[in-house]
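*Asks:* Below is a structure I'd like to ask you about.
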Amino acid sequence: MRIMPLNLIKKELQNLKSPLYRNSIYISLASFTTALAGFLFWAIAARLYLAEEVGVASAVVSALNLTFQLSMLGMNFAIIRFYPKYKERAVGSALAITSVASVLFSVTYGLIMMSSGSFEDFGWKFFGVFVLFSVIGTIYNVLYTYSIARRRAEHSFLQSLLFAGRFLFLFLPVSLGAMGIVSSFGLGLLLGLGYAVFIVSIPEIRLDRKFIKEALRFSLGNYLANIANIAPNYLMPTLVLSMLGKKETAYFYMAFAIGNLILFVPNAINTSFFVEGSHGLKNIKATLKKAIAFSYAYLAVATVAVWLLGGFVLRFFGEEYVNGLPLLKLMVLGGFFVVVVNFSITILNIQKRVKKIVIINTLKAVLFLGLSYLLVPRMGIVGVGWGWIVSHSCLSLILFWNHFDHIKHLKHLNY
């Protein structure tokens, strides 16, 4: 007798202590904490510092976040995928490689910023702080992933919780202006890193040739795929600004940010599924069904919540921000297709079929940006929502059609 989805969910609720759900819960909490802390950090900064100082600081913090992404070189994926085989050797190698990459990227980016008129007044102390915080942030991200790979995501959550406390430092160096905001951000990273080093412990930092040889192609492929994946999020505000102006961009940004925030639970479940799949599940097909069932159950609740409370949430930023509600509704509906795409990519990662991931993420980026470019002038910011839905739904159909046999026989995968 087949178990209906509702009965399956009831049954799995009794098993929340399993690694899949325990990790999912802590990864979700970490993602939510990080997102909420980001809003709080900038809201307080805007009240304590001049607008010009906030503007410069936001540019520096964005540059720091970009160096974190670039410096990882896809090693976050490699740690999760290969930790069951190489254990701490994988993490030690990743720390060595990403630390060197962080120095190179931050020095290059820092010199570019120093040549700009907006940063020339800071002097070389700023350059040193920028490189230092870049390295700290990169190591923070490696150790964050290390806890997830070990199925101890509660440590990642506690790292995020300490990093969230960065807003407390904003009250101390107000006289430093923009550097005070940047320093507060960096001190928050240092708090989280301190927890990881002293409580979780840091593996020996050395290169393992076997790990590097096996992981390099996998990690670099995911690195390119990840850049393609995040590119639309970085480029879309500029696209909307150039076509619709500052006000519409503000409405878009808040709705788009909240829409992505809503997806943190399915994304956390997907990450946890990746961890479990990398450890070699006896029946990965059954686990996939459970993971998707919980993701869809959550999205169903989130959809109702957006329809009932979405306007109220947007009004928190100002009455006019309710103009972004139609976009937010489309974002949450598109989430049902996003789940299919993201879980398909995770299955390909477990199979080490990285080239296909690069193709999928590149195609997704081209479709989403291209459709938005065509629709925004005609439909306003709602065009972004339709671009979001159409691009992910098309990819969902393509992936399901091409990989149906692989999904049907997932239990026979080699790990």
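*Asks:* Going by what's in this entry, would residue 109 be described as at pLDDT 85 or above and not hydrophobic (A, V, I, L, M, F, W, C)?
*Replies:* In short, no.
*Asks:* If residue 391 satisfies every condition in (1) modelled with pLDDT under 85; (2) in contact with a Phe, Trp or Tyr (Cβ under 8 Å, 6 or more places away or on another chain); (3) farther than 29 Å from residue 85 by Cα but one, which is the exception?
*Replies:* Status for residue 391: all satisfied but (1).
*Asks:* A further question follows. Quick check on this structure: which one of 176, 172, 162 is touching a Leu at 6+ places or on another chain (Cβ under 7 Å) and either in the same structural domain as residue 114 (by TED's automatic domain parsing) or basic (Lys, Arg) (or both)?
*Replies:* 162
*Asks:* In addition: Kindly indicate whether residue 95 is among the hydrophobic types (A, V, I, L, M, F, W, C), at pLDDT 90 or above and within 16 Å of residue 187 (Cα to Cα).
*Replies:* no
*Asks:* Sticking with this one: Scan region 181-196 and tell me whether some residue there is without any contact (Cβ under 8 Å) to a residue 24 or more places away in the chain and of a type in the set (A, V, I, L, M).
*Replies:* Scanning region 181-196 turns up at least one residue that is without any contact (Cβ under 8 Å) to a residue 24 or more places away in the chain and of a type in the set (A, V, I, L, M).
*Asks:* Just need a number here: residues in region 222-257 that are modelled with pLDDT under 75 and under 30 Å from residue 86 (Cβ atoms).
*Replies:* Going through region 222-257 one residue at a time, the tally reaches 1.
*Asks:* Give just the number: which of (1) aliphatic (A, V, I, L, M); (2) surrounded by 19 or more Cβ atoms within 10 Å (Cβ to Cβ); (3) within 24 Å of residue 255 (Cβ to Cβ); (4) modelled with pLDDT under 80 does residue 30 not satisfy?
*Replies:* Of the numbered conditions (1) aliphatic (A, V, I, L, M); (2) surrounded by 19 or more Cβ atoms within 10 Å (Cβ to Cβ); (3) within 24 Å of residue 255 (Cβ to Cβ); (4) modelled with pLDDT under 80, the odd one out for residue 30 is (4).
*Asks:* Looking only at region 241-274, count how many residues are closer than 15 Å to residue 381 by Cβ and in a helix (DSSP H, G or I).
*Replies:* Number of matching residues: 19.
*Asks:* Residue under question is residue 137, and the condition is that it be assigned to a helix (DSSP H, G or I), at pLDDT 90 or above and over 16 Å from residue 201 (Cβ atoms); does it hold?
*Replies:* In short, yes.
*Asks:* Name the single residue that is nearest to residue 255 (Cα to Cα) among those in region 346-372 being in a helix (DSSP H, G or I) and without any contact (Cβ under 8 Å) to a residue 60 or more places away in the chain.
*Replies:* By that ranking, first place goes to 371.
The values are calculated or read from the model by the stated rules, or taken from the named source; none is laboratory data. Note that this is a predicted model, so its numbers are computed, not measured. Methodologically, a virtual Cβ is constructed for each residue, glycine included, from the backbone with ideal geometry; neighbour enumeration extends over all protein chains shown.
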